[in-house]
Every structure is written in C-alpha cells, then in structure tokens.
Amino acid sequence: MVTNALQPTITEWQMMREQASILVKTGFLPRSIDTPEKAVAIMLKGREMGIPPMQAFSQIHVIAGKPTLSPELMLGLIFKQCPGTKVVYKQNDDLGCIIRVTRPGHPGQDFSFSMADAKRANLTGKDTWKTYPRAMLRSRCIAEM
C-alpha cells in the first residue's frame, strides 16, 4: 500500500515492524542495518522521501550514526523532482570533481569538491578515501550540489 502520509497508520506500522524483523533475519540488508528497529528507521526515512523500503535499504546509508542519502539517490531525487535538469561532469578524477548543473529556465551553476577540501575536512586518512579517491570526491561533490 503506497501512501502520502508521513506517519504510518497503526496497521502500516505493524506491517513495517513485521517486514523489518523478517528482512533483518535474511541477512540481505547492509551490515549497519542489523536490528528491526534500525530497519524501521530506514523505512521511515525512505517513506518521508517517497522511496520504497528495499530501495531505501540499499540507498540510505548509516554514516556516523545518522541515516544519510547515497549520492546516487540524491541524483535520482534531483532528476525526479526537477525534470529537465542536466548534470555534466567537468572534472572527475583523483584530484577533484566539478559538476555543472543546469535546470530549465535557470543559469547553470558549478559545484566542486577537491582533494584539498577533503584534506581540510580530515577525510583523506580514511581507508575508503585512500582506495577510491575519485568516487569519494564525486560523492562529496554531488552532496555539495
């Protein structure tokens, strides 16, 4: 049942709790979603944004204890909510990412995130940043956008 209400009905709440319990037991959810309560929290976050539960589980990540949208989900929501938006990567390498975004009827705008920005934020010492700097810079640039 798809609904626009942010708060689930009692029946929907019970169904979400049952689904969460079953899904956690499957072991198919991301490692950070290891309790039914965490699964329900992700489901609720997805519900607020019009995202089905299974997509929410795969595209809402828990970072530093907070549910956070993946860059792919951010882009998807931009394209869904603002049809005609164009995103062009002017740079996307291990040194930085620059994105040019245009919306119908609006001038384009550039967004960027560089390795220097990552160093200032003390991000570059983390394993993911060492292994996948280009992907991490792209993700941060999308979040900046």
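The values are calculated or read from the model by the stated rules, or taken from the named source; none is laboratory data. What you are looking at is a predicted structure, and each value in this text was computed from that prediction instead of being measured. Here Cβ is always computed from backbone atoms with ideal geometry, including for glycine, and neighbour counts include all displayed protein chains. For accessibility, only protein heavy atoms count, side chains too; no ligands or nucleic acids. Shrake-Rupley method; radii C 1.70, N 1.55, O 1.52, S 1.80 Å.
Here the dipole of segment 1-80 is about 100 debye; that uses its Cα centre as origin and unit charges on the Cβ of Lys and Arg (positive) and Asp and Glu (negative). Of the trypsin sites (Lys or Arg not before Pro) found in segment 108-137, those in coil by DSSP whose Cβ has at most 14 other Cβ atoms within 10 Å are 126. Summarised in one figure, the compactness ratio Rg/Rh of segment 55-133, Cα atoms and Kirkwood Rh, is 1.01. For segment 1-43, evaluate the Debye formula with one uniform point scatterer on each Cα (no solvent term) and list log10 I(q)/I(0) at q = 0.15, 0.17, 0.25 Å⁻¹, rounded to two decimals. Debye output, listed in q order: -0.36, -0.46, -0.83. May I ask which residue of 73, 91, 107 lies farthest towards the positive end of the charge dipole of segment 20-132, with charges of +1 (Lys, Arg) and -1 (Asp, Glu) on Cβ and the Cα centre as origin? Ranked along the dipole, the leading option is 107.
Taking Cβ separations below 4.7 Å as the criterion for a possible disulfide partner, the isolated cysteines in the chain are 82. State the percentage of accessible surface on segment 1-119 attributable to carbon and sulfur atoms; use a 1.4 Å probe and exclude ligands, DNA and RNA. Heavy-atom surface of segment 1-119 belonging to carbon and sulfur, 1.4 Å probe: 59 percent. Counting alpha carbon pairs within less than 8 Å and at least 6 residues apart, what relative contact order, in whole percent, applies to segment 27-145? RCO, segment 27-145: 18 percent. In the chain, the DSSP-assigned H stretches of four residues or longer account for a calculated mean residue ellipticity at 222 nm of -14500 deg cm²/dmol, using -39500 (n - 2.57) per stretch and the full residue count as denominator. Once semi-axes √(5λ) of the Cα gyration tensor in Å is calculated for the structure shown, the corresponding label among (i) 32, 21, 10; (ii) 23, 16, 16; (iii) 23, 21, 19 turns out to be (i). Per residue, the Cα convex hull of segment 91-145 amounts to 66 Å³.
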